[in-house]
Amino acid sequence: MVTKTTGTVNLLNSIEVAQDLTTVNATSILNTNGVDVTIGRDFINSHGATTFTGIGASSTLIFNGTAAQVYNPNNNAATPTLTLNNVTMLNTGGAAGVTISTINTPNMILGTSGVLTLTSGRIITPNTQEVVAMNTANNAVSVGNTTSFVQGNLRRYLAAGATGSFDFPVGHSTPGYERANINFTSAAAVAAIQLLARFDPWGGAWLSPAAPNWTECSTTYNMPYLNNGYWSIDASSVSTGLYDLTLYNLGYSNAAIGFSIAKSSSAAPTWALNGNCVASPVTAVRRNSMSGFSKMATIQASSLLSVELLEFNGVSRGTHNELFWLSTKELNFKNYELESSEDGISFNAIAKVEPIGQTSTFNKYTYLDFDYYNPVTYYRLKMNDLNGDYRYSQIIDIGNKIQNETSIKIYPNPAYNELYVYIESETETNATIEIKDMLGRLIYTQDVDLTARIKNTFINTTSFAQGTYVVSINYKHSPSENIKIVINNRN
């Protein structure tokens, strides 16, 4: 045991204390001079930064006990705050770990260059107390593991315009380690923000929700939520960035298949889908292009639907309407029924289309409808499984008019890494393709030669951020045409 009662001790080399390290009062000062301090028992410091000083840019506080340890940086006074640099967890005492003291309710704060390394042993934050990582680097907090994580509240600072991957190795005493990873694909916010994360089992105001029965991406989430619990991830101010979220579930016992992530306001349970689904295993459930922060939890299905519809669209050709759709998977799938309507409410089947049945490529279908309604025809696809289940696509509408001198088709929509712009014109000799984002910023431009009447232009969209865009076709003699598209690139 090292106990300092008065005066200053200046360290010249790193030290290892097998027992408690204690500063008794405001005049008992330990100046670390930037070296490492390893503690086998409790850290009991009297007056925060007044009595534990000299913390340098490379100094590390290491907890290597074999039983429960306490971190108490402000035993006799709530101020001044103690800000550490690096903290390394090497505690082998099992679930006991290191508990932050409730005396004067301090946080464990790591400074702007500090790194939290979780190797073994939990850091337990009572009540609303926190582990605070002020270093905005992506790797300022390690991923942790099943024996080492923050059991409670972990706050991470993010710089203005931050992008990339940030780990939140949080968990709970019962489900254990439940890491979340947030990968910002666009700037998290214009200004600096903080994200506060924790994990809790279901209970209290946040009971496990019933099956939501939402359908997307060939999956109907018809099972109860995963029973390990939910994540709370809240931002200190508004986040404007898009991010991909991965939840690393471990402490569950009711996993089915077809997993994704639901999001709810932190004020009250109002679960909904946000962003785009991604096929992923229960141990690393991912959802892309999410926005905003709140509660997160894992939803699941009892089975996967037999077909994945990627696009359904159409265009008027004057004498007929051309319908086209793009799909994948088609396992245990019976057929497509194309339905049309004059009012968008009452639909009639006009064709049955047998599936191609390929599972490793995209399947493209086209149907020409010469028996359309004027001035608008509404269409939808009914997708029938072999077991009798079925579901509908979204409804599209096509305005029917006299054959235009120019014809445009943009596909697929949504686009996945590639986009084709098909232009056919009887009168125009050139055109300009422009792609703008929803703020009107020009993202892409290309001139095309129409002297051969037909031009099918390939555009690589892998560098485009996921989102909604407007494709403009500008002619010399004809009115410009604008078409809204969605880009959902795949990694």
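The values are calculated or read from the model by the stated rules, or taken from the named source; none is laboratory data. If you're wondering where the values come from, they're calculated on a predicted model, not measured in any experiment. Quick reminder, even Gly has a Cβ in these numbers, built from the backbone with ideal geometry, and neighbours come from all protein chains shown.
On the stretch given as the stretch 450-491, residues that are out of contact with any Ser or Thr (no Cβ under 8 Å at 6 or more places or on another chain) and polar (S, T, N, Q) total 8. A single member of Ala262, Ala189 is touching a strand residue (DSSP E or B) at 6+ places or on another chain (Cβ under 9 Å), of a type in the set (Gly, Ala, Ser) and in a loop (DSSP other than H, G, I, E, B), and it is Ala189. The number of residues in the stretch 172-187 that are over 11 Å from the mean Cα position of the chain (by Cα) and on the phi < 0 side of the Ramachandran plot comes to 9.
Evaluated against (1) within 34 Å of the chain's Cα centre (by Cα); (2) β-branched (Val, Ile, Thr); (3) crowded, with 22+ Cβ neighbours inside 10 Å, Ile55 falls short on exactly one condition, (1).
For (1) under 17 Å from Asn274 (Cα atoms); (2) touching a Leu at 6+ places or on another chain (Cβ under 8 Å); (3) touching a residue at least 40 places away in the same chain (Cβ under 8 Å), each residue gets a yes or a no:
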{"residue": "Pro212", "(1), (2), (3)": "yes, no, yes"}
{"residue": "Thr215", "(1), (2), (3)": "yes, yes, yes"}
{"residue": "Asn228", "(1), (2), (3)": "no, yes, yes"}
{"residue": "Ala235", "(1), (2), (3)": "yes, yes, yes"}
{"residue": "Val238", "(1), (2), (3)": "yes, no, yes"}
{"residue": "Thr246", "(1), (2), (3)": "yes, no, yes"}
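Filtering the stretch 183-210 to residues that are without any contact (Cβ under 8 Å) to a residue 40 or more places away in the chain and hydroxyl-bearing (Ser, Thr, Tyr) leaves only Ser208. Flag set for Ala67, criterion: touching a residue at least 12 places away in the same chain (Cβ under 8 Å) and within 28 Å of Asp167 (Cβ to Cβ). Name the residues in the stretch 304-322 that are part of a strand (DSSP E or B) and polar (S, T, N, Q), would you? Those that are part of a strand (DSSP E or B) and polar (S, T, N, Q): Asn313, Ser316, Asn321. The set of residues in the stretch 290-309 that are within 30 Å of Ala188 (Cβ to Cβ) and surrounded by fewer than 20 Cβ atoms within 10 Å (Cβ to Cβ) comprises Ser291, Gly292, Ser294. Could you go through the stretch 276-285 and let me know if any residue there is in contact (Cβ under 8 Å) with a residue 24 or more places away in the chain, of a type in the set (Val, Ile, Thr) and assigned to a strand (DSSP E or B). For the stretch 276-285, residues in contact (Cβ under 8 Å) with a residue 24 or more places away in the chain, of a type in the set (Val, Ile, Thr) and assigned to a strand (DSSP E or B): present. Within the stretch 431-443, one or more residues are among the small types (Gly, Ala, Ser) and touching a residue at least 24 places away in the same chain (Cβ under 8 Å). Only one entry in Trp202, Trp214 is among the hydrophobic types (A, V, I, L, M, F, W, C), out of contact with any strand residue (DSSP E or B) (no Cβ under 6 Å at 6 or more places or on another chain) and modelled with pLDDT under 95, namely Trp214. When you look at Tyr367, is it under 28 Å from Gln466 (Cα atoms), among the aromatic types (Phe, Trp, Tyr) and not in a loop (DSSP other than H, G, I, E, B), yes or no? Considered against the rule, which asks whether it is under 28 Å from Gln466 (Cα atoms), among the aromatic types (Phe, Trp, Tyr) and not in a loop (DSSP other than H, G, I, E, B), Tyr367 comes out as no. Taken over the stretch 66-120, the criterion of being modelled with pLDDT under 95 and among the aliphatic types (A, V, I, L, M) is satisfied by Ala95, Ala96. In this structure, is Thr119 within 13 Å of Phe149 (Cα to Cα) and among the hydroxyl-bearing types (Ser, Thr, Tyr)? Yes. Each residue in the stretch 133-154 was checked for being part of a strand (DSSP E or B), without any contact (Cβ under 8 Å) to a residue 40 or more places away in the chain and surrounded by fewer than 23 Cβ atoms within 10 Å (Cβ to Cβ), and 1 of them qualify. Of all residues in the stretch 447-458, those that are closer than 12 Å to Ala431 by Cβ have Cβ atoms under 6 Å from Cβ atoms of residues that are of a type in the set (S, T, N, Q) and modelled with pLDDT of 85 or more, 6 or more apart or on another chain, in Asp447/Thr432; Val448/Thr457; Asp449/Asn430; Leu450/Asn430.
Residue pairs whose Cβ atoms lie under 8 Å apart, separated by 6 or more positions or on different chains, with the first residue in the stretch 23-44 and on the phi > 0 side of the Ramachandran plot and assigned by TED's automatic domain parsing to the domain that holds Thr66 and the second among the aliphatic types (A, V, I, L, M) and surrounded by 21 or more Cβ atoms within 10 Å (Cβ to Cβ), are Gly34/Ile55. Within the stretch 323-350, residues that are part of a loop (DSSP other than H, G, I, E, B) and at pLDDT 90 or above sit with their Cβ atoms under 8 Å from residues that are surrounded by 14 or more Cβ atoms within 10 Å (Cβ to Cβ) and charged (D, E, K, R), at 6+ positions apart or across chains, in these pairs: Phe347/Glu339; Phe347/Arg380.
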